[in-house]
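K.L.:
One structure, as structure tokens, below. Some questions next.
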Number of protein chains: 2
Amino acid sequence: MKNLTIALDVMGGDKGPLITISSAIMAVEQQANLHLILCGDENIISAELKKQSFSKHPRLTISPTTEVVEMTDKPSFALRYKKNSSMRRALDLVREGKAQACVSAGNTGALFATAHFVLKTLPGVERPALITSLPTHGQDRHVFMLDLGANVFCDANVLYQFAIMGAVMAEQVDGLKQPKVALLNMGEEEIKGSDHIKLAASELAANPEVNYIGFVEGSDIFTNKADVIVCDGFVGNVALKTCEGVARLVYEKAKDFFNQSFFARLLGKLLTPALKKLLKSLNPDQYNGASLIGLRGIVVKSHGNANAKAFYSAIMEAVKEVERQVPDKIKAKLEQGLLPRP
Amino acid sequence: MKNLTIALDVMGGDKGPLITISSAIMAVEQQANLHLILCGDENIISAELKKQSFSKHPRLTISPTTEVVEMTDKPSFALRYKKNSSMRRALDLVREGKAQACVSAGNTGALFATAHFVLKTLPGVERPALITSLPTHGQDRHVFMLDLGANVFCDANVLYQFAIMGAVMAEQVDGLKQPKVALLNMGEEEIKGSDHIKLAASELAANPEVNYIGFVEGSDIFTNKADVIVCDGFVGNVALKTCEGVARLVYEKAKDFFNQSFFARLLGKLLTPALKKLLKSLNPDQYNGASLIGLRGIVVKSHGNANAKAFYSAIMEAVKEVERQVPDKIKAKLEQGLLPRP
């Protein structure tokens, strides 16, 4: 791909430009064909770029805005009254075709609502979904999981669409052929779970284009049993955050253990870097970002308290999705008659 | 409490009497006022007791049955056609007042359905719930969580009743005063989540007898923010099993790390016992059992592949609940006008 342009919501996130500008500089230094449009307060951005001696970088452009979506703004409020915000501008640039993706660490609810309104869903997609990858057993392996909280409840149709969308992500981003798709349930038996999950299961099973392997349980998320795990946003959000909570608990318990004696403290010093690395990977939301898929454009959400490295990872995730043309691939799959229902 | 009688489903679980008899012997040896009724195949039980030189123990009685609920039996099938099973007998003994509690490692769905049918729910309780405790930050601290899978979906009334029931468990089993009760949600803000969760929240907030602290997220389960966390069975089951899955993943990743070099292998040898202990505590379902509460009797469920120590722990959990008279306390709380709704 020749040129890549990505719009950044520079003001979003707990620390805004202090973090996002550093990440932007890292990204353009790393990726020679990447152009970034920095949406936000012109004075702040100019000052920050100057401080970091990057005032006149040919691939960093400022798109000045006057408003900021606060972390406490209600989605409907942001959507209606913050039309000149950095978040809105970044999404508008994607809609206008001036950028190929948007990255934001801002207010999650506002980003979902605004992205949905500005970009619209792809034909055949009722709802966008939040997707990320989680580590699994083995070296450098992982699983895609969706929805992680964009929708409270998802009916059978929506779960079905998410399964198709998730499979496209696994194919395009990870290069998997016929990724194994599963529905997250409270048991593996066919009789388990809610009616809408059972309906989604029977429709996925009837579709020869999807490599649907059945139900999996929470304990199977990390075992490579499936490449794509589909659930509603409530369940996915609880699972993702439970994962984060367990990681933190293991870290705390390990710290307690390593404080028990001089010898244990020594062991602790030796092992802490490896432990931190593992536990960070169990907090993907915070460290790698998550993507909002099913829209007519690419939107990557970085965590509100992401550091510069995490926001950089989110930008590189957006680069990957642009290069692999994820929305076009989803659209094509849906048009291939994979969604026979209205 | 003078005498305690508990009925055991000896035939339940993947290994049945091979495990459960050893646990029964450990329990009566440990607890001088405990009488156990061993429900199951008389020949097998007698042979196993003889093998372990406990043929004539005065506090081990056999209640002979001819059928076994298989792990693959559908709940409705077990309920209708296995009336002379060890599981059914153990529950019947509780209903008849001949035992004060039942412990089973058998087919979970069948146990729920049969316990619900045989024992009935307490007045004011619409549905029984599966509850267990999970470890939290700090030494020997934990949190009660319910429902863990007895019910797929729970409406506001049921969530409200679960909150009361969970608070009684925390008060009676852990001796906490005014335990902090929370609803598990996909965010802490009041506007988040489904309508039935918001309704349950407003009703709990309006009840001065409940120390309701609001919504918590999956990442808060382990932080001591709440003493009791309430959710529907689907979400609770996914959260519990995700917890188990992360524990196994951490163990696998640690093993990989410890295999990298001679020095790492040495470290691994030193740390494996501590690591195993921590990760076991994150698998409470398997190691301590879970209780089915809201019924007119005490039912403790041990994991299907529980070992003798785990099944012993489940018996001791039942002892504790009998001593603290958990069902009576739940009944009293509900009668105190805590459930004004029909």
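K.L.:
Only one residue in B:Val210, B:Val230, B:Val238, B:Val181 is in contact (Cβ under 8 Å) with a residue 12 or more places away in the chain, out of contact with any Leu (no Cβ under 6 Å at 6 or more places or on another chain) and aliphatic (A, V, I, L, M). Which one?
P.N.:
Values: B:Val210 fails: out of contact with any Leu (no Cβ under 6 Å at 6 or more places or on another chain); B:Val230 fails: out of contact with any Leu (no Cβ under 6 Å at 6 or more places or on another chain); B:Val238 fails: in contact (Cβ under 8 Å) with a residue 12 or more places away in the chain.
Going through B:Val210, B:Val230, B:Val238, B:Val181 in turn, just one is in contact (Cβ under 8 Å) with a residue 12 or more places away in the chain, out of contact with any Leu (no Cβ under 6 Å at 6 or more places or on another chain) and aliphatic (A, V, I, L, M): B:Val181.
K.L.:
Filter the range A:176-231 down to the residues that are under 27 Å from A:Gln336 (Cβ atoms) and either in contact with a Ser or Thr (Cβ under 8 Å, 6 or more places away or on another chain) or of a type in the set (D, E, K, R) (or both), then identify the one that is most open to solvent (accessible area, probe 1.4 Å).
P.N.:
Among them, the one singled out is A:Lys177.
K.L.:
Can we say B:Ile293 is more than 8 Å from chain A (Cβ to nearest Cβ), in contact with a helix residue (DSSP H, G or I) (Cβ under 6 Å, 6 or more places away or on another chain) and at negative phi? Give the steps one after another, and end with the answer.
P.N.:
Numbers: more than 8 Å from chain A (Cβ to nearest Cβ): yes; in contact with a helix residue (DSSP H, G or I) (Cβ under 6 Å, 6 or more places away or on another chain): yes; at negative phi: yes.
Yes, satisfied.
K.L.:
With respect to the numbered conditions (1) in a loop (DSSP other than H, G, I, E, B); (2) over 18 Å from the mean Cα position of the chain (by Cα); (3) closer than 28 Å to A:Ser194 by Cβ, which one is the sole condition not fulfilled by B:Val152?
P.N.:
Against the list (1) in a loop (DSSP other than H, G, I, E, B); (2) over 18 Å from the mean Cα position of the chain (by Cα); (3) closer than 28 Å to A:Ser194 by Cβ, B:Val152 comes up short only on (2).
K.L.:
Failed condition for B:Ser202, given (1) within 14 Å of chain A (Cβ to nearest Cβ); (2) outside any loop (DSSP other than H, G, I, E, B); (3) at pLDDT 90 or above, with all others met?
P.N.:
Exception for B:Ser202: condition (1).
K.L.:
Continuing with this model, one more query. Note down all Cβ pairs under 8 Å where the first residue falls in the range B:132-149 and is farther than 17 Å from A:Val250 by Cα and touching a residue at least 12 places away in the same chain (Cβ under 8 Å), the second is part of a strand (DSSP E or B) and aromatic (Phe, Trp, Tyr), and they're at least six residues apart or on different chains.
P.N.:
Short answer, once both residue conditions are applied: B:Thr132/B:Phe144.
K.L.:
Moving on. Have a look at A:Ile62, A:Ile131 and point out the one that is in contact with a Leu (Cβ under 6 Å, 6 or more places away or on another chain), more than 14 Å from chain B (Cβ to nearest Cβ), among the hydrophobic types (A, V, I, L, M, F, W, C) and under 30 Å from B:Glu217 (Cα atoms). Please lay out each step first, then the result.
P.N.:
On the way: A:Ile62 fails: under 30 Å from B:Glu217 (Cα atoms).
Among A:Ile62, A:Ile131, only A:Ile131 is in contact with a Leu (Cβ under 6 Å, 6 or more places away or on another chain), more than 14 Å from chain B (Cβ to nearest Cβ), among the hydrophobic types (A, V, I, L, M, F, W, C) and under 30 Å from B:Glu217 (Cα atoms).
K.L.:
Determine if the range B:217-231 includes at least one residue that is more than 14 Å from chain A (Cβ to nearest Cβ) and in contact with a strand residue (DSSP E or B) (Cβ under 8 Å, 6 or more places away or on another chain).
P.N.:
To start, the set of residues in the range B:217-231 that are more than 14 Å from chain A (Cβ to nearest Cβ) comprises B:227-228.
Then keep just the ones that are in contact with a strand residue (DSSP E or B) (Cβ under 8 Å, 6 or more places away or on another chain); that gives B:227-228.
Yes, because at least one residue in the range B:217-231 is more than 14 Å from chain A (Cβ to nearest Cβ) and in contact with a strand residue (DSSP E or B) (Cβ under 8 Å, 6 or more places away or on another chain).
K.L.:
Further question: Would you call A:Asp140 on the phi > 0 side of the Ramachandran plot and in a loop (DSSP other than H, G, I, E, B)? So that I can check it myself, show each step before the final result.
P.N.:
On the way: on the phi > 0 side of the Ramachandran plot: yes; in a loop (DSSP other than H, G, I, E, B): yes.
Criteria met by A:Asp140.
K.L.:
Right, another one. Answer yes or no: is there a residue in the range B:283-304 that is closer than 18 Å to A:Leu279 by Cα and open to solvent by 40 Å² or more (accessible area, probe 1.4 Å).
P.N.:
Within the range B:283-304, none of the residues are closer than 18 Å to A:Leu279 by Cα and open to solvent by 40 Å² or more (accessible area, probe 1.4 Å).
K.L.:
Another one. Between a residue in the range A:256-281 that is at the interface with chain B (Cβ under 9 Å from one of its Cβ atoms) and any residue that is hydroxyl-bearing (Ser, Thr, Tyr) and in a helix (DSSP H, G or I), which pairs come within a Cβ distance under 8 Å, given they are 6 or more apart or on different chains?
P.N.:
A:Leu275/A:Tyr251; A:Leu279/A:Tyr251; A:Ser281/A:Tyr287
K.L.:
Which residues, taken from the range A:305-321, are open to solvent by 10 Å² or more (accessible area, probe 1.4 Å) and part of a helix (DSSP H, G or I)?
P.N.:
A:Ala308, A:Lys309, A:Tyr312, A:Ser313, A:Met316, A:Glu317, A:Lys320
K.L.:
Report whether or not A:Thr136 is among the hydroxyl-bearing types (Ser, Thr, Tyr) and more than 14 Å from every other protein chain (Cβ to nearest Cβ). Write out each step before concluding.
P.N.:
Numbers: among the hydroxyl-bearing types (Ser, Thr, Tyr): yes; more than 14 Å from every other protein chain (Cβ to nearest Cβ): no.
Considered against the rule, which asks whether it is among the hydroxyl-bearing types (Ser, Thr, Tyr) and more than 14 Å from every other protein chain (Cβ to nearest Cβ), A:Thr136 comes out as no.
K.L.:
Do we find that B:Asn3 is open to solvent by 80 Å² or more (accessible area, probe 1.4 Å), at pLDDT 95 or above and in the same structural domain as B:Arg89 (by TED's automatic domain parsing) in this structure? Before the answer, list the steps.
P.N.:
Details: open to solvent by 80 Å² or more (accessible area, probe 1.4 Å): yes; at pLDDT 95 or above: no; in the same structural domain as B:Arg89 (by TED's automatic domain parsing): yes.
Against the criterion (open to solvent by 80 Å² or more (accessible area, probe 1.4 Å), at pLDDT 95 or above and in the same structural domain as B:Arg89 (by TED's automatic domain parsing)), B:Asn3 does not qualify.
K.L.:
Looking at this structure, is B:Ala101 in the same structural domain as B:Ala314 (by TED's automatic domain parsing), within 18 Å of the chain's Cα centre (by Cα) and small (Gly, Ala, Ser)? If you could, list the steps in order and put the result at the bottom.
P.N.:
Working: in the same structural domain as B:Ala314 (by TED's automatic domain parsing): yes; within 18 Å of the chain's Cα centre (by Cα): yes; small (Gly, Ala, Ser): yes.
Yes; evaluated as a whole, the condition is true for this residue.
The values are calculated or read from the model by the stated rules, or taken from the named source; none is laboratory data. Note that the structure is predicted; figures quoted are calculated from it, not measured. Cβ coordinates were reconstructed from backbone atoms using ideal geometry, including for glycine residues, and neighbour counts include every protein chain displayed. Accessible surface is based on the protein model in full, side chains and every heavy atom, while ligands, DNA and RNA are left aside. Shrake-Rupley method; radii C 1.70, N 1.55, O 1.52, S 1.80 Å.
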